[in-house]
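Q: One structure follows; several queries about it will come next.
The values are calculated or read from the model by the stated rules, or taken from the named source; none is laboratory data. These figures come from a predicted structure and were not determined experimentally. With ideal geometry, Cβ positions are generated from the backbone for all residues, glycine too; neighbour counts draw on all protein chains shown. What goes into the accessible areas is simple: the full protein's heavy atoms, side chains included, and nothing from ligands, DNA or RNA. Shrake-Rupley method; radii C 1.70, N 1.55, O 1.52, S 1.80 Å.
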Amino acid sequence: MLLKTESYTKPDDLGFYGEFGGAFIPELLRPNVEELDQVFMKCLSDEQFQKEYIQILKDYVGRPTPLYHSEKLSEKYGGTIYLKREDLNHTGAHKINNAIGQILLAKKMGRTKIIAETGAGQHGVATATTCALMNMECIVFMGEIDIARQTPNVKRMQFLGATVIPATSGSKTLKDATNEAIRFWINNPDSYYLIGSVVGPHPYPEMVAYFQSVISQEMREQLQQKTGSQLPTKVIACVGGGSNAAGAFYHYYREPEVKLIAVEASGLGLDSGKSAATSILGSPGVLHGSMTLLMQDESGQVTEPYSISAGLDYPGIGPLHAYSINEGRTQSVSVTDQQALAAAKALTRSDGIIPALESAHALAALEKITIESNDVIVVNLSGRGDKDMEHYL
Amino acid sequence: MTAGYPTIDSLDDQLCLLESKGIDFVEVGIPFSDPLADGPTIQEASKIGIENGMNLTLLFEQLKRRKSKIPIILMGYFNPVLNFGIDAFLNACGEIDITSVILPDLSIEIYNRNYRARFEAKGIFPSFLVTTSTSQERIKKAVDICTNSFIYLVSSNSTTGGENNFSADQCDRLREITTLCGDTPVFIGFGIKNNDDVQKVHSISDGAIIGSSYLKAIENREERHYLDELLGVK
Ligand SMILES: Cc1ncc(COP(=O)(O)O)c(C=O)c1O
């Protein structure tokens, strides 16, 4: 039992969570990935490293983020509903938790050129921000379509001093930005690839989940204070690659009474052919260095996902989520563009909080699950919606 | 070359041409939507191959019917193979006398643990990539798997189709690795463009693998001319 729950946060020695994960990479990347693995393993037990990381999260990012009790949502849906306010982090999303952790690793490895992929631009902004802070060069790959639909974030990255390179291949979204970042990494082995979600080859999924685990660590303490128990009955988070969800679920995997609900974007609907609901539409496959659930056609070509939300528009999910969903530990729910837009508007008007389109998917899940009056529910509000105003108005 | 490129049924003619020019074997690439280790030329060929409707089922059919007798090595990213089914893939290879495959994103460790027994039971042997940054220990592991196929020695740390000048230093390093591989054949690939490169590579190893440059020649419809130059036929 212990082993099984541990395996959600700790993959086996080749980086597998059950059948998912691993490092499916060309030999060209092997030295980079091996070095990263070694440095990460060392940092796990390096007190100095931990101290520095936690200090920056506190003084610079603004953690802990509040756990906000929304009376309006609680009234509307029943139960007691809390929002974990990751939108209040510096730069406006959870992505910075991971960017800080990895930039400290890069520093340890003596790297000064940082590359990143980005979908909604939140990870790109977080990376550009940490690069400015640490005085490092920053190159961000972003799909051409995402550049057009998330202009404010492109401008922020540029103002922060990052070079934004458009990915023009394939669907011109997150998947292709990731391909371009990996190719650049192959050609520039002296750079550090700061991946933005719990995807990619081992050790990235484990590492990003670890750096995001601060979310559920804080949730436990905050719930204890507010409710007298560290445990909610349900945790809800949206899943693009799955980093905010991994962080929100992390310290609850071994608490079987806490239901974990991963919300995917079904775009125009599950059967529309315009969707990004990977765990429902996907099958086991290998993309970007790991085995996971993957949206693909009958000959194993990766299909181009769609969601109104640039951060959820990805054909795979983190291998730990693929594993956890297959095992039945995590339940997946899907939410359409329209449902997310409605949820964003509702929260804005009821609580004066404008959520990111990605986070709005998590909020919309409240409409889709059964809620009892004794439920204590935490919705991870992964980011703020400033970047999405064009969609909202 | 990439299957399905430049047209859906150009494969056999291409194979016959290569055979007639005295090429020893052909690496046929299975197109994939997300070719991570490839530069623009192979990316584009893969994209066109997919758009033309190429997939593994069709490729095996075409290979079964082929007129050319030139030995073939299949190259493909792991996902289409996984999707086709590992056992189905191995059986299909066996039926058309393919014994060597290159699966660039399948690592030695994962192969050994999860797939090796099934491959070897069918007499199919992957050949693994080794680079100038690969440790001696890993080279030994690769050789252990590849004795019945060959080691694919990557000339430079880059995606395919990059620049390569085969400097004296680099050639020394490549020669060291070739020596480490003992009796296992070593073929060098990535960035090989012309007869000069081929001669250098032949002086170091057992063969040269040419990809992007040949695809470019196909794109420009000058593959005959290109092959003559490559092979030093005046
Ligand atoms: C606010 C916000 N939430 C969620 C996501 C999705 O990423 P992940 O699934 O890794 O949390 C993004 C990605 O850009 C985002 O910006």
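Q: From the list B:Lys47, B:Lys69, pick out the single residue that is open to solvent by 40 Å² or more (accessible area, probe 1.4 Å) and assigned to a loop (DSSP other than H, G, I, E, B).
A: Only one candidate passes the filter, namely B:Lys69.
Q: If you take the residues of the range A:15-36 that are in contact (Cβ under 8 Å) with a residue 40 or more places away in the chain and open to solvent by 40 Å² or more (accessible area, probe 1.4 Å), which of them is nearest to the other protein chains (Cβ to nearest Cβ)?
A: Only one residue tops the list, namely A:Pro31.
Q: In the range A:315-333, what residues are open to solvent by 10 Å² or more (accessible area, probe 1.4 Å), in contact with a helix residue (DSSP H, G or I) (Cβ under 6 Å, 6 or more places away or on another chain) and not in a helix (DSSP H, G or I)?
A: A:Ser332, A:Val333 - these are the residues of the range A:315-333 that are open to solvent by 10 Å² or more (accessible area, probe 1.4 Å), in contact with a helix residue (DSSP H, G or I) (Cβ under 6 Å, 6 or more places away or on another chain) and not in a helix (DSSP H, G or I).
Q: Also, I was wondering about something else. Just need a number here: residues in the range A:365-385 that are within 13 Å of the ligand (Cβ to nearest atom) and open to solvent by 40 Å² or more (accessible area, probe 1.4 Å).
A: 1
Q: Got a sec? Which of A:Ala343, A:Ala356, A:Ala362 is in contact (Cβ under 8 Å) with a residue 24 or more places away in the chain, of a type outside the set (Phe, Trp, Tyr) and more than 13 Å from the ligand (Cβ to nearest atom)?
A: Answer to the check: A:Ala343.
Q: Filter the range A:87-128 down to the residues that are within 15 Å of the ligand (Cβ to nearest atom) and in contact with a Leu (Cβ under 6 Å, 6 or more places away or on another chain) and list them by number.
A: Hits for the range A:87-128 are A:Asp87, A:Gln102, A:Ala116, A:Gly119, A:Thr127, A:Ala128.
Q: Could you give me the residue pairs with C-beta distances under 8 Å whose first residue belongs to the range B:38-61 and is without any contact (Cβ under 8 Å) to a residue 40 or more places away in the chain and farther than 23 Å from B:Ile192 by Cα, whose second residue is small (Gly, Ala, Ser) and assigned to a helix (DSSP H, G or I) wherever it lies, and which are 6+ apart or on separate chains?
A: Matching pairs, first to second residue: B:Leu56/B:Ala92; B:Phe60/B:Ala92.
Q: Let me ask something else. Which count do you get for residues in the range A:171-187 that are facing chain B (nearest Cβ under 10 Å) and in a loop (DSSP other than H, G, I, E, B)?
A: Matching residues across the range A:171-187 total 1.
Q: Would you call B:Thr2 touching a helix residue (DSSP H, G or I) at 6+ places or on another chain (Cβ under 9 Å), more than 12 Å from chain A (Cβ to nearest Cβ) and modelled with pLDDT under 95?
A: Criteria not met by B:Thr2.
Q: In this structure, is A:Thr303 away from the ligand (no atom under 14 Å from the Cβ) and within 14 Å of another protein chain (Cβ to nearest Cβ)?
A: Yes.
Q: Output yes when any residue across the range A:68-78 is under 19 Å from the mean Cα position of the chain (by Cα), more than 23 Å from A:Glu206 (Cα to Cα) and not charged (D, E, K, R), and no when none is.
A: Scanning the range A:68-78, I find no residue that is under 19 Å from the mean Cα position of the chain (by Cα), more than 23 Å from A:Glu206 (Cα to Cα) and not charged (D, E, K, R), so the answer is no.
Q: Does the range B:15-36 contain any residue that is assigned to a helix (DSSP H, G or I) and under 21 Å from B:Phe125 (Cα atoms)?
A: Checked against the condition, which is being assigned to a helix (DSSP H, G or I) and under 21 Å from B:Phe125 (Cα atoms), the range B:15-36 yields no hits at all.
Q: Within the range A:285-294, identify whether any single residue is of a type in the set (A, V, I, L, M, F, W, C), more than 13 Å from the ligand (Cβ to nearest atom) and under 17 Å from A:Ser266 (Cα atoms), and answer yes or no.
A: Looking through the range A:285-294, at least one residue is of a type in the set (A, V, I, L, M, F, W, C), more than 13 Å from the ligand (Cβ to nearest atom) and under 17 Å from A:Ser266 (Cα atoms).
Q: So, one more: Please return the ranges of helices (runs of 4 or more DSSP H) entirely within the range A:197-283 where 1 or more residues are open to solvent by 10 Å² or more (accessible area, probe 1.4 Å) and more than 13 Å from the ligand (Cβ to nearest atom).
A: A:204-212, A:214-227, A:278-281
Q: Kindly evaluate B:Phe60 against the criterion of being within 14 Å of chain A (Cβ to nearest Cβ) and in a helix (DSSP H, G or I).
A: When the stated conditions are applied, B:Phe60 passes them.
Q: Mind checking whether some residue in the range A:284-304 is within 24 Å of A:His251 (Cα to Cα), open to solvent by 10 Å² or more (accessible area, probe 1.4 Å) and of a type in the set (S, T, N, Q)?
A: So far as the range A:284-304 goes, no, none of its residues is within 24 Å of A:His251 (Cα to Cα), open to solvent by 10 Å² or more (accessible area, probe 1.4 Å) and of a type in the set (S, T, N, Q).
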